[in-house]
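Here, each number is a calculation from the coordinates, and none is a lab measurement. Just so it is clear, the model here is predicted, and its values are computed rather than measured. FYI the Cβ positions are ideal-geometry reconstructions off the backbone, even for glycines, and counts take in every protein chain you see.
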Amino acid sequence: MKPSAFWKLLTLVGTLLWSGAEAADFSAQFERIKTNATKAQLYAFLYAVPKGGDLHHHSGGCWQMDSLYQVATNTVRNGGNRFYTRVRAGLCDGETNAWRQFQTVAEFTWKTLPECQQQEFVALDALTPAQRDAFVNSLRLDQPGEGRNEFFEEIWPRFGAMGRSLEVFLEMTVETMKRYGAEGVRYLEPQTIPLGMVHADGSAVDPEELHQRLKARLAQPDALATGVAVRWQVVVLRFTPVAEKKVEEAYDFVDRHRDLWVGINMAGREDNDKGHPRRFLETYRRMRHRYSGIGLAIHAGEVDEPNSHMRDTLLLGATRLGHGNNVLTDDDLVLHLRSGMAFVEINLVSNLLLEYVTDYSQHHFPEMLRLGIPCGLSTDDSGMWDSGMTDEYLTAVTEFNLTWDELTQCARNSLKWSFAEPALKERLLTDFDRDVKAFEAAWSGDDWAAKLKTVKPVAYGFAKRRWGISY
């Protein structure tokens, strides 16, 4: 059964059973399912649960890598691009170019290389099966010992030209909407950089063209059929010498394209002190003199040590904080956040794989959640983790014993704190509340295990490695 048909049937059943009256409290049923289900059954159940939005979502990093390979090798879908990746080294005498293994370039770049360097690269569509598997796996954190250095310093360069191709970007945006929609996510707010994309011939893509092409692609039937709404944030790399200028350019771009672009973000390793929050204080003050109604969500607290980054990020005007790993090291900050002044974007799988926690007993999420600090689950870079939103849900439920009310509140928070325009946000919240009620009514009986046969979950590599789950 297609996901859309499944949800229509589920809504109809829920409406008939609901009959306008309040259904029995679903919390006890959820506890029964948690207690009696196998990991695979619980994963399937959570896959079917209505979800909110993914607010901390990096475009590119959330692309599923097998799908990326298919698009990158399909010239019909990728605008005529052909990509090459480096598979061997040492062919050039006195070579000083620091090419990485599996670093990927577009054909127009490959043609400019000396002949000996060209021979170190192979077209993606000409890789052997073993090379293909190694290439795709090189874009994931899927091996013991891989951590933040592998992610920040190696994977993104391997991603290379694929991430700068306009046509790949458009196709993978819709592929991502499809897979998130299949597991009940209804809103995405990806972060991307609108400047720097190129066509297959290497010519630059004007940001205005990007905006128009994106609008057109999202209006096509396959995108609309996902049922997923998408709004975009412009992300700025915080540690670059021109970051202040990029913040100003980001505000100007969002202001002129508010139909799709709703916010500004700053990302980049916080252990690079050149990107510390107070560097940008005057810049954001100037922007508030000029612009109104543009959301500000900034990575903060994605570090190992206590520091003032989260407090300083609030001074910049952010209403959403990405990660917040060290929030509990600042007592005054905890008290401020308990007032509901900002939302914290929780990324459980990311924090484990990037080694900001070595196990979940160290994680700040349950303390924040149960102190009343607004927070919700998000995926960060699910393609590079080889995971999905259901992995975040299963981690939260099994590691922190989340109740049904806590789980649905996290999902509702992710819609409430989105930067979506008021009409869209109201619709998303209304639809979410309706779907939760229908879900509760449909899954309240003793036949929940039998109902799981109607669910067709997709589990990625993280679920297999972490819990032994595969379908």
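Remark: segment 426-432, residue by residue, has Karplus-estimated 3J(HN,Hα) of 4, 5, 4, 5, 5, 5, 5 Hz, where x stands for each Gly or Pro and the curve is 6.51 cos²θ - 1.76 cosθ + 1.60 at θ = phi - 60°. Find the centroid of the Cα atoms in segment 218-245 and in segment 381-451, then give the distance between the two in whole Å. Comparing the Cα centres of segment 218-245 and segment 381-451, I get a distance of 22 Å.
Remark on R82: its backbone amide H falls under 5 Å from those of E107, a criterion applied only to residues 5 or more positions apart or on other chains, H modelled at 1.01 Å from N.
Here's how it looks for F343: its modeled amide H is under 5 Å from those of R320, L321, which are all 5 or more places away or on a different chain. Among the listed pairs K215/K456; K245/K274; K39/K416, which have their C-alpha atoms separated by more than 24 angstrom in this model? Too far apart for the 24 Å limit: K215/K456; K39/K416.
Only counting other Cβ atoms within 10 Å, I'd like S67, S382 sorted with the fewest neighbours first. Don't skip to the answer; put the middle values down first.
Numbers: S67 16, S382 28.
Ascending number of Cβ neighbours within 10 Å: S67, S382.
Counting Lys and Arg as +1 and Asp and Glu as -1, what is the net charge of the other residues whose Cβ lies under 15 Å from the Cβ of A459? Result for the neighbourhood of A459: +1.
The amide H of Q103, built 1.01 Å from its N in the peptide plane, has R86 as neighbours under 5 Å, considering only residues 5 or more places off or on other chains. What the phi angles of segment 69-75 give under the Karplus curve with 6.51, -1.76 and 1.60, with θ = phi - 60°, is a coupling list of 4, 5, 5, 5, 10, 10, 5 Hz, glycine and proline written as x. Only one of [x] 23, 57, 19, 1; [y] 21, 40, 14, 9, 11, 5, 0; [z] 22, 50, 27, 1 was calculated from the structure for P(r) over Cα pairs in 20 Å bins from 0, in percent, and its label is [x]. Phi angles across segment 235-242 convert, under the Karplus curve 6.51 cos²θ - 1.76 cosθ + 1.60 with θ = phi - 60°, into 3J(HN,Hα) values of 9, 10, 6, 6, 9, 6, x, 9 Hz, Gly and Pro given as x. Counted by Cβ distance under 15 Å from D447, the other residues give a net charge of +1, where Lys and Arg count +1 and Asp and Glu count -1.
Taking the centroid of alpha carbons for each part, segment 322-354 and segment 293-318 are 10 Å apart.
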